[in-house]
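Since the structure comes first, as structure tokens, the remarks are kept for the end.
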Amino acid sequence: MRTTPSSGCARSSDGTHLLLAEACAAAAAGDWEHAAASFERALDARPLDCCTHAWLGISYVEQGRIEDARRKLVDAEVRTPVKCTTAGELSRRLEGRAA
């Protein structure tokens, strides 16, 4: 099953849900720069959220910011004790960009 911007997004109830919804809508529209900016703002409020780190990484991959994306993958993986579907998608996208 492929991860889409709606999986893992906008599920927060602490006020960041609007930022996450904005970020996910931008990602779904392919506006990766806007998505990244919104995910970055969401991380300011919830720095421990693994899915937000992973989606920010996906946004970076789509902008060609591969080293930034790799850092976000590590950030996502250390923030969850279970396998994160969104981090898995980021990993697959990074593998697809490997030369």
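Every number in this text was worked out from the coordinates using simple rules, so none of it is lab data. No experiment lies behind these values; they were computed from the predicted model shown. Cβ placement follows ideal geometry from the backbone for every residue including glycine, while neighbour counts extend to all protein chains displayed.
In table form, for the structure just shown:
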| item | result |
| --- | --- |
| Length gained when the stretch Val78-His34 is fully extended (0.36 nm per residue, less Cα-Cα span) | 13.3 nm |
| Dimensionless Rg ratio for segment 17-97, taking C-alpha atoms and the 2.2 N^0.38 Å reference | 0.96 |
| Counted charge near Ala69, where neighbours are those whose Cβ lies closer than 15 Å (Asp, Glu -1; Lys, Arg +1) | -2 |
| Integer Hz, Karplus 6.51/-1.76/1.60 couplings in order for segment 32-39, x for Gly and Pro | 5, 5, 5, 4, 4, 4, 6, 5 |
